[in-house]
Structures are given as structure tokens and as C-alpha cells.
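What follows is a single structure, written as C-alpha cells, with notes after it.
FYI, it's all coordinate maths here, none of it is from the lab. Quick caveat, the model's predicted, so the values are computed rather than measured. In this analysis, Cβ positions are derived from the backbone assuming ideal geometry, glycine residues included, and neighbour counts consider all displayed protein chains.
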Amino acid sequence: MSAPRRRAPLARMGRALVALAPMAWLGVFFLIPFAVVLRVSLAEPAIARPPFTDIWEWADGVLTIILNFGNYLFLLEDPLYYTAYLNSIWMAASATLICLVIAYPMALAIARAAPRRRPMLLMLVVLPFWTSFLLRMYALIGLMAPTGFVNTLLEALGFAPIVMLQTDFAVYAGIVTGYMPLMVLPLYATLEKLDDSLLEAAHDLGAGPTRAFLTVTLPLSAPGIAAGCLLVFIPAVGEYVIPALLGGPDQLMIGKVLWTEFFNNRDWPVASAVAIAMLAFLALPIMFIRNALGVKE
């Protein structure tokens, strides 16, 4: 009886050592940069290099900390910032829903395909990741441009050209095509593990295909849905490349606002406050998605 008791502390120590590497990674590449950005957000802009003041100073041997919360108040006073945030939330949520509607049948078809065909189908899903993200966005420009492939084909068929580039449609198309694999793979990982005997039992009890899907397959795939939605939604909210290349000049998303504050206005404190506020507000929709889909720790 004493051997299991001695192994328990060793097992806990082993789990702690395994978790030490990712925790150290998060500390170095997330917590420390977050602390730096938080420090800059509490400073004031300055014509210097770097273009912000220190938040502490020594005077007569006394350390004085000067915190400027005016940058965060400025975000609340100017409608540009919360409008950009709400617009980013809306576009990211809409694109995530579109990805889910398209990716779920794909993942279900791959999960129910013959085992020898699944590697090839998964490779086709991951294949776009083998090319540069920027290159894929430029390929969409070639497709949706006024003289691009789609409009050239429409004119050849006798139809009028369609304005697609520099519209919300182009931004949605960029997000959906860019992040689709991130939705398919978690869904496939969940659907592939489902027990087929549960569907057979539902059919034996008189449930049709639609009812069996709604009462068995869909609820059991909730973890995959949550993982895919978060993987698409989180980067889509702060997306800069897609609205900059495919959206119009008045496309208002928080990523473009953040870039403008940093590089055009050179107001690093306000830009850092925008980043911190976005990170804080982003936790709310993430918690909503997790609770809505019933994801447990």
C-alpha cells in the first residue's frame, strides 16, 4: 500500500515539470511583452526615442511613479475606438459563423470517409497553409479585382462585372479562406472520435437522420465547435492584413486603428491602450462562446 503513495508525489512533480516549459514560454513571450505594453499605455507621448515618457522618476532618492490613465479615458471619449472594436467583433463573429457553416459538413465528411482516404482529405485542408498567408490574400485580389478572373469570366459570359474588392464581402472572403483550416481540424478531431453506436441506437429508437444529428452528433461535437470558433474568432478580431489589402480605405477595424496609432500618429501610449483594451474586452466574447457551447475545463 505504500508504493502508490510514494508514486503520487512523483507523478505530481512530473506533471509540474511537464507544465513548466509552456508556462515559461507564456511568461517570456506573453506576460513580459504584456507588461511592457501596459507600461507604455500608462505613459505620455513625447518627441523622443522611444516616443513616450517614463512612468517613474527618481527625485531626492525617492521613487515616484506617474501613471497616466488619460489614454484609456480618451478611448471612451472618442467614438472611433469603440466603433472600431464593435465593428471588429461583428465582422469576426460573422466570419466565424460562416466558417462554421462551411467547415462542419467538410469535417463530418472527412470523419465518415474511409480510413485510407482521410489522410489525403486532411492534406487538402491543410494544403493552403503551405503557402504564405500574404500570398493567398494577393491571390484573392487577383480573383476579385475589377479586371480579375471572376469579372473577366462574367464579361465573357455576357454579365456585368461585380464590385467585390475593397468591400466587406472581400474582407469576409479573406477571413473565411484564410482561417478555414483552423475550423475544420478541431471539428474533425472531435467528430472522428464519436461512437457510431450512439447514432445506431438513435436510429433504433426511431430518430431520423436530422433528429439523430441534432440530438447526438451536434451536442457531442460542441468541444470541437468551441475550439474552432475560438481559433478563428480571436485572430480575426485583431486582423490587419486582410482589411488593409481587401477592404476599403474607410474599413474600420481595430487592427487598422492600432497600426495607424503606432506608425502614422506615432502615439505609442494610445496605441498600447488600444491593445490592452482590446485584450481585456476580447475576454468577454470568448467567455460567452465557451459558456454558450457548454465547454468545461
So for each of 100-108, 118-126, 153-161 I average, over its residues, the number of other beta carbons within 10 Å; can you give me the resulting order with the highest mean first? 100-108, 118-126, 153-161
Hey, can you grab everything whose amide H is under 5 Å from the amide H of Phe52? Only 5+ residues off in sequence or another chain; H modelled, so Pro and N-termini drop out. Ala46
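Suppose R0 equals 41 Å. What FRET efficiency, 1/(1 + (r/R0)^6) with r the Cβ-Cβ distance, do Ala222 and Tyr82 give to the nearest 0.05? Spell out each step's value before the answer.
Working: r = 31 Å, r/R0 = 0.76.
Efficiency for this residue pair is about 0.85.
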Choice from Thr177, Thr53, Thr64 with maximal GNM fluctuation in the chain (Cα, 10 Å cutoff): Thr64
Segment Leu38-Phe149, extension gain: residue separation times 0.36 nm, minus the distance between their alpha carbons: 35.4 nm
Pair Leu67, Ala280: separation of 7 Å Cα→Cβ label points (nm): 1.1
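In a shell of Cβ-Cβ distance under 12 Å around Gly224, excluding Gly224 itself, what net charge do Lys and Arg (+1) and Asp and Glu (-1) give? Write out the running numbers ahead of the final one.
Numbers: positive: Lys193; negative: Glu192.
That works out to 0.
Order the peptides 224-230, 14-20 from the highest to the lowest mean number of other Cβ atoms within 10 Å of their residues.
Working: 224-230: 23.1, 14-20: 9.9.
Listed from highest to lowest mean packing, they are 224-230, 14-20.
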Here are a few candidate values for P(r) over Cα pairs in 5 Å bins from 0, in percent: [x] 1, 5, 10, 15, 19, 17, 15, 10, 5, 2, 1, 0, 0, 0; [y] 1, 5, 8, 10, 11, 13, 12, 11, 9, 7, 5, 3, 2, 1, 1, 0, 0; [z] 1, 6, 12, 15, 16, 14, 11, 9, 7, 5, 3, 1, 0, 0. Which one was actually calculated from the structure I just gave you? [y]
I want to make sure I understand the PRE zone here: with the label point 7 angstrom from the Cα of Phe288 toward its beta carbon, which residues in segment 72-97 have backbone N atoms less than 19 Å away? 81-97
